[in-house]
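Peer 1: Right, I'll just put the structure down here and ask away after.
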Amino acid sequence: MNSLLLLRSKSAQMLSASTRLGTSQVSARAAAVRGYHATSVRLGQGSQCKQTIESTEKFMINTYTRPELVLSHGKGSYVYDTDGKEYLDFTAGIAVVGLGHSHPEVAAAVADQATKLVHCSNLYHNEWAPTLAQKIVRATMDAYPQGSQGIYAKAADGSNGSARVFFSNSGTEANEGALKFARKYGKIVAEQGILGKTASEALRGDPNLKCGIVSFTGGFHGRSMGALSVTASPKYQKPFTPLIPGVHTMKFNETRELGTFVDERTCAVIVEPIQGEGGIHPAQVDFLRALRRRCDQVGALLIYDEIQCGLGRSGKLWAHQLYPEDCSPDMVTMAKPLANGLPIGAIMASNKVADIVKVGDHGTTFGGNPLACRVGCLVVDRINTPELLDHVVAAGEVLEQELTKALQPLIGGPVVEIRGIGLLRGIQLSSDPAPVVNLARDRGLLLVAAGGNTVRLVPPLNTSIGDIKKGAAILAECIKQRSASA
Ligand SMILES: Cc1ncc(COP(=O)(O)O)c(C=O)c1O
């Protein structure tokens with residue numbers, strides 16, 4: 001908690017794309033900002049990678065610029081390319097492979113379920129979706145047994161917590177669904193005239209007036225039209241305007257304009273408790289508390305996007321559980337590590353919200369399939385243990401200490417700040433982090449950049465302390481080498 005309070009708020013504006021770029025330039029630049037730079041390595045005719053890369057260029061729609069390597073397999077915190085080179089993976093598939101690569105229990109569960117039932121659609125029940133939903137809800141509620149806010153509010157029968165789950169296939173879809181649920185909630189409360197305490201009479205009875213959504217600078221919520229509309233980054237939004245109406249952007253970690261932006265016409269506020277893509281920026285306690293209060297005042301729903309920061313990455317099951325209970329959300333969206341790499345996403349919504357979603361309101365063909373949900377059960381069981389969560393905290397502290405020790409002379413110069421929580425860490429540099437990411441890859445360490453010149457560190461949650469130290473040492477060397485040659 002202390003480290004959370006100490007973390008400073010930084011503007012997490014992503015680099016802005018210049019106007020009038022061609023599509024390939026836009027995608028190359030977007031990819032470059034995210035750290036996927038082509039290496040200067042020239043692949044020989046015999047290279048297995050070469051053929052794959054040629055086919056990618058010829059047959060795939062390229063929205064990423066990737067380095068010239070093709071990954072073929074992994075084990076724990078390591079991955080290997082088709083030319084046999086080993087890499088320590090501090091990307092974990094962008095915070096996805098929480099339990100590490102080719103985890104034996106995950107592999108066994110996938111193999112066994114594949115011989116039974118992979119998919120049956122939502123026309124029928126399957127045994128794994130409700131089992132996973134129950135695990136997620138029960139594990140969540142344990143954090144605040146005396147809770148009274150949002151998803152932690154007591155159920156009608158007085159039992160602890162009152163949330164339900166909808167499964168999707170990705171983080172974007174989870175956010176899209178959460179926004180739809182909020183829109184419907186807004187319509188219903190407006191129609192019934194049960195708006196927040198400050199609602200003006202004029203709003204009561206008109207279902208279309210409570211449809212505004214507020215999101216924040218530096219946030220990232222996905223690429224579908226709804227999720228993109230709340231991702232306040234010109235780089236991502238500009239090629240696809242006009243976006244959905246009624247979305248307003250507020251400055252992250254600032255409450256001054258809350259009264260102006262969040263009013264009776266607002267149905268939802270969506271925020272990441274720790275911004276990931278935006279450059280690893282934790283929300284301040286007072287900021288989240290103010291959002292909760294304001295949402296209650298105006299009858300809006302508070303959505304926490306925990307797609308990157310949730311499911312153990314902060315050292316708690318949910319990043320919002322680092323905060324007091326009066327910062328609790330009405331909905332939590334999750335995805336990335338939930339099935340250790342199999343596509344899955346989910347919305348956990350308080351009963352107040354879940355009750356207004358009716359048959360036919362929303363749907364998905366693949367979401368909630370028995371394969372992903374079975375693996376999800378295993379993941380939640382393995383992540384939600386004191387041993388694993390304590391390890392994340394300890395490993396995160398070692399990572400920070402090692403980097404701070406090695407980079408001390410550069411802090412305030414080429415290194416702007418080392419920040420983050422658990423195994424969601426960032427090193428903000430004073431210049432483009434891509435050369436450091438490329439150098440590290442050449443030395444066998446995979447890293448991914450984030451917004452605001454930040455190198456992001458999101459290794460598997462069970463990475464050993466030895467490998468954490470090894471990764472920190474390689475990274476520190478690369479930053480030193482780069483700043484010496486700059
Ligand atoms: C916080 C956050 N929300 C949403 C998304 C989108 O998730 P997906 O790529 O699974 O659609 C991401 C992906 O990076 C994310 O980090």
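Peer 1: Any aspartates and glutamates with Cα under 14 Å of the LYS116 Cα? List them, leaving off those in the same chain fewer than 8 positions away.
Peer 2: GLU127
Peer 1: Shifting gears a bit: Of the DSSP beta bridges with both residues in the chain, give the percent that are antiparallel, rounding to the nearest 5.
Peer 2: Details: 33 of 51 bridges.
Of all bridge pairs located within the chain, approximately 65 percent are antiparallel.
Peer 1: Still on this structure, I have one more. What Kirkwood radius, in Å to one decimal, follows from the Cα pairs of the range 114-383?
Peer 2: Details: mean 1/r = 0.0538 Å⁻¹.
For the range 114-383, inverting the mean 1/r across all distinct Cα pairs yields 18.6 Å.
Peer 1: Next question. State to the nearest 20 debye the size of the charge dipole of the chain about its Cα centre, where the only charges are +1 on K and R beta carbons and -1 on D and E beta carbons. It would help to have the intermediate numbers written out before the result.
Peer 2: On the way: 50 positive and 43 negative charges, 168 e Å.
I would put it at about 800 debye.
Peer 1: Between beta-carbons, use under 15 Å as the cut-off and find the net charge around LYS75, counting Lys and Arg +1, Asp and Glu -1. Walk me through the numbers on the way to the answer.
Peer 2: Working: positive: LYS85; negative: ASP81, GLU86, ASP89, GLU105, ASP467.
Here the count lands on -4.
Peer 1: Only helical DSSP H runs with n ≥ 4 go in: add -39500 (n - 2.57) per run for the chain, normalise by residue count and round the 222 nm mean residue ellipticity to 500 deg cm²/dmol.
Peer 2: -11000 deg cm²/dmol
Peer 1: Moving on to the next point. Rounded, prolate or oblate: pick one for the range 300-395, where a ≥ b ≥ c are the square roots of the eigenvalues of its C-alpha gyration tensor, a/c under 1.5 means rounded, and failing that, prolate if a/b is larger than b/c, else oblate. Each step should come with its number before you reach the end.
Peer 2: Details: a/c = 2.60, a/b = 1.23, b/c = 2.12.
Judged from the Cα gyration tensor, the range 300-395 comes out oblate (a/c at least 1.5, b/c at or above a/b).
Peer 1: Where does each of 181-187, 426-432, 388-394 land if you order them by average Cβ count within 10 Å, highest first?
Peer 2: Details: 181-187: 23.3, 426-432: 20.4, 388-394: 17.0.
Most protected by this proxy first, the peptides run 181-187, 426-432, 388-394.
Peer 1: OK, next. Give me the percent relative contact order of the chain, please, defined on Cα pairs under 8 angstrom at least 6 residues apart.
Peer 2: On the way: 1022 pairs, mean separation 106.9, N = 486.
Answer for the chain is 22 percent.
Peer 1: Once Rh for the chain is found with the Kirkwood sum over Cα pairs, what is the Stokes-Einstein diffusion coefficient at 25 °C and 0.890 mPa s, in µm²/s? Walk me through the intermediate numbers first.
Peer 2: Values: Rh = 23.1 Å.
The diffusion coefficient I find is 106 µm²/s.
Peer 1: Over all directions, average the projected area of the Cα convex hull of the range 73-178 and note it in nm².
Peer 2: Across all orientations, the range 73-178 yields a mean hull projection of 9.9 nm².
Peer 1: Applying a 10 Å radius around every beta-carbon, put 245-257, 167-179, 460-472, 356-368 in order of their mean neighbour count, most first.
Peer 2: Averaged packing, sorted descending, gives the order 167-179, 460-472, 245-257, 356-368.
Peer 1: Return the distance in nm (one decimal) between the two label points of a simple spin-label model at ALA394 and LYS469, each offset 7 Å from Cα along Cα→Cβ.
Peer 2: 1.3 nm
Peer 1: Over the range 417-486, what is the mean sequence separation of C-alpha contacts under 8 Å (at least six apart), divided by residue count, expressed as relative contact order in percent? If you can, show how the numbers build up before the last one.
Peer 2: Working: 73 pairs, mean separation 21.9, N = 70.
Once divided by the residue count of the range 417-486, the mean separation gives 31 percent.
Peer 1: Can you pull a Stokes-Einstein diffusion coefficient for the range 230-357 at 37 °C (0.692 mPa s), Rh from Kirkwood over Cα pairs, as a whole number of µm²/s? Working shown, then result.
Peer 2: Numbers: Rh = 15.6 Å.
Approximately 211 µm²/s, per Stokes-Einstein.
Peer 1: Related question: What ranking do 67-80, 134-147 get when scored by the average of other Cβ atoms within 10 Å per residue, highest first? Please list the in-between numbers first.
Peer 2: Working: 67-80: 18.0, 134-147: 16.4.
So the order, starting with the most tightly packed, is 67-80, 134-147.
Values in this text are rule-based calculations from the coordinates and carry no lab data. Values in this document were obtained by computation on a predicted structure and should not be read as measured data. Methodologically, a virtual Cβ is constructed for each residue, glycine included, from the backbone with ideal geometry; neighbour enumeration extends over all protein chains shown.
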